[in-house]
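These notes are about the structure you will find just below.
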Amino acid sequence: MSEYRFMTLARHIIEGERKHPEATGELSKLLSDLSLAAKVISLEVNKAGLVDILGFTGHNNIHGEKVKKLDMFAHDMLLRAMEYGGHLCVMASEEEEDIIHISPHYKVGKYVLLFDPLDGSSNIDVNISIGTIFSIYKRISAEGKPGLIEDCLQQGIKQIAAGYVVYGSSTILVYTTGEGVHGFTLDPSFGEFLLSHEKIRTPKKSRIYSINEGNYLYWHPGLKKFIKYLQEEDENSGRPYSSRYIGSMVADIHRNLLYGGIFMYPSDSRNPKGKLRLMYECNPMAFIVEAAGGMATNGKQRILEIQPESLHERTPIFIGSQAEVKTVMDFMAKEEVNNEAYISNKI
Ligand code: AHG
Ligand code: MN
Ligand code: MN
């Protein structure tokens, strides 16, 4: 790692753009504004046990879930760090029902930003890794005017960059512009993200599965069989697998990206659309995992090809190493089910 010591995130982004003479430098500025927000959120997350920022605000978010103060802090910080730059025309956040317009005080640009300000927020109180996820698109509406909902509702395949930040034992920012996935670790002594994981490739096959097994009873029968299959003993195929589930998507996927593994949040008979949000969680993670050589589907269709219909829609997701994602799809395809709740394409 020593040869990367002085490769800061800012330098890496600029060098990446130099390879594309047509680049305007705007994407670099956007990513560097995002990294500033990440540093501030990281600082606040680390202080969370010390200051009176824990606990519920008493409000529910638009998904009917309790919002913690730190979620709102992260949401506000991202808005403040991002809107002044003049590169964005519209934003959308998991914590806000409608699209977020750029204040009339600032210039309107050609990019669109969607984010989950704090992922895994139920883990804040217990010192478990949480994260921020972001996704960047180019606007499709006419330039020079405020962005529209159509700019936000683009297929994941149209992303031009995506990334996440894990606030864990250290703070790591991982991003891709579709060519290579790179990770940077925040050096707290001088507040810079330094290149620590260059050109991440996720293993094609793995020995880890991540799913909330408490929902077993409600799963698709093919998924039940797949999990039982992973638990059987078979030396040749490396079974039984290990089960690892943190309950913070960003941290679960970060581990699996590096070690290999499959992360699943399926639909089930109680939650026919699954739980995770297409625009803030699944699309950016799918873009990153695919760029690292992995796969992401809703059980039938590639996540990045889903045509979104609404800002906060949910989707089932199976994401990670190619071998396991293909196998779970085969298991589910073999089981006939009449319950529409499980049939991902119809939900
Ligand atoms: P968020 O904190 O942004 O609402 O997301 C929580 C998500 C995700 O991080 C995690 O994978 C999932 O919820 C865990 O859900 P279960 O508790 O149902 O397993
Ligand atoms: Mn989330
Ligand atoms: Mn969240």
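Close amide H partners of residue 181, meaning residues 5 or more places away or on another chain with modelled amide H under 5 Å apart, are 199, 200. When restricted to Cα atoms, the chain yields an Rg and a Dmax of 19.7, 63 Å, respectively. Between the Cα long axis of helix 26-47 and the first principal axis of the chain there is an angle of about 70°, rounded to the nearest 10. Going by accessible surface with a 1.4 Å probe and the largest first, 264, 72 read 72, 264.
Accessible surface computed residue by residue for the chain, with neighbouring protein chains in place and a 1.4 Å probe, gives 45 Å² per residue.
Between the alpha-carbon centres of segment 265-341 and segment 190-264 there is a gap of 14 Å. Counting only alpha carbon atoms, the long axis of helix 69-83 and the longest principal axis of the chain meet at about 50°.
The dipole here belongs to the chain: it is taken about the Cα centre, uses +1 on the Cβ of Lys and Arg and -1 on the Cβ of Asp and Glu, and is about 500 debye. Expressed in units of 2.2 N^0.38 Å, where N is the residue count, the Cα radius of gyration of segment 208-346 is 0.97.
Against the longest alpha carbon principal axis of the chain, how many degrees, from 0 to 90 and to the nearest 10, is the axis of helix 322-334 turned? Tilt of helix 322-334: around 50 degrees. The listed residues 244, 255, once ranked by accessible area (1.4 Å probe) with the largest placed first, stand as 244, 255.
May I ask for the net charge around residue 15, where only other residues with Cβ less than 13 Å from the Cβ of residue 15 are counted and Lys, Arg are +1 while Asp, Glu are -1? Net charge around residue 15: 0.
Tell me, what is the percent relative contact order of segment 177-233, built from C-alpha pairs under 8 Å that lie six or more residues apart?
About 23 percent, as a whole number.
Taking every Cα-Cα distance in segment 9-197 and sorting them into 5 Å bins starting at zero, the pair-distance distribution P(r) comes out as 1, 8, 16, 20, 20, 16, 11, 5, 2, 0 percent. Using a 1.4 Å probe on the protein heavy atoms only, what accessible surface does residue 84 show? Give it in Å² to the nearest 10. Answer for residue 84: close to 120 Å² accessible.
Amide H contacts for residue 314 (H built 1.01 Å from N in the peptide plane; partners 5 or more residues away or on another chain; cut-off under 5 Å): 278. Compute the signed sum of charges (Lys and Arg +1, Asp and Glu -1) over the other residues within less than 13 Å, Cβ to Cβ, of residue 208. Charge balance in the 13 Å sphere: +3.
Please get the size of the charge dipole for segment 9-197, origin at its Cα centre, with Cβ charges of +1 on Lys and Arg and -1 on Asp and Glu, quoted in debye to the nearest 20.
Approximately 420 debye in magnitude.
Label-to-label distance, residue 228 versus residue 142, with points set 7 angstrom from Cα along the beta-carbon direction: 6.1 nm. Pairs over the 27 Å Cα-Cα cut-off, from the set 29/273; 69/107; 29/326; 224/326: 29/273; 69/107; 29/326. Entry note, segment 9-197: relative contact order of 15 percent, from Cα contacts under 8 Å with a spacing of 6+ residues.
Within the chain, what percent of beta bridges assigned by DSSP are antiparallel, to the nearest 5? Close to 85 percent.
As a length-normalised measure over Cα pairs under 8 Å and 6 or more apart, the relative contact order of the chain settles at 15 percent. The solvent-accessible area of residue 332, taken with every protein chain present and a 1.4 Å probe, is close to 30 Å². Taking all protein chains together and rolling a 1.4 Å probe, residue 15 ends up with roughly 70 Å² accessible. With the helix formula -39500 (n - 2.57) applied to DSSP H stretches of n ≥ 4, the chain reaches a computed 222 nm mean residue ellipticity of -8500 deg cm²/dmol.
The values are calculated or read from the model by the stated rules, or taken from the named source; none is laboratory data. Everything numeric here is computed off the predicted structure, so don't read it as measured data. So basically every Cβ, Gly included, is an ideal-geometry build from the backbone, and we count neighbours across all protein chains shown. With ligands, DNA and RNA removed, areas are computed over all heavy atoms of the protein, side chains included. Shrake-Rupley method; radii C 1.70, N 1.55, O 1.52, S 1.80 Å.
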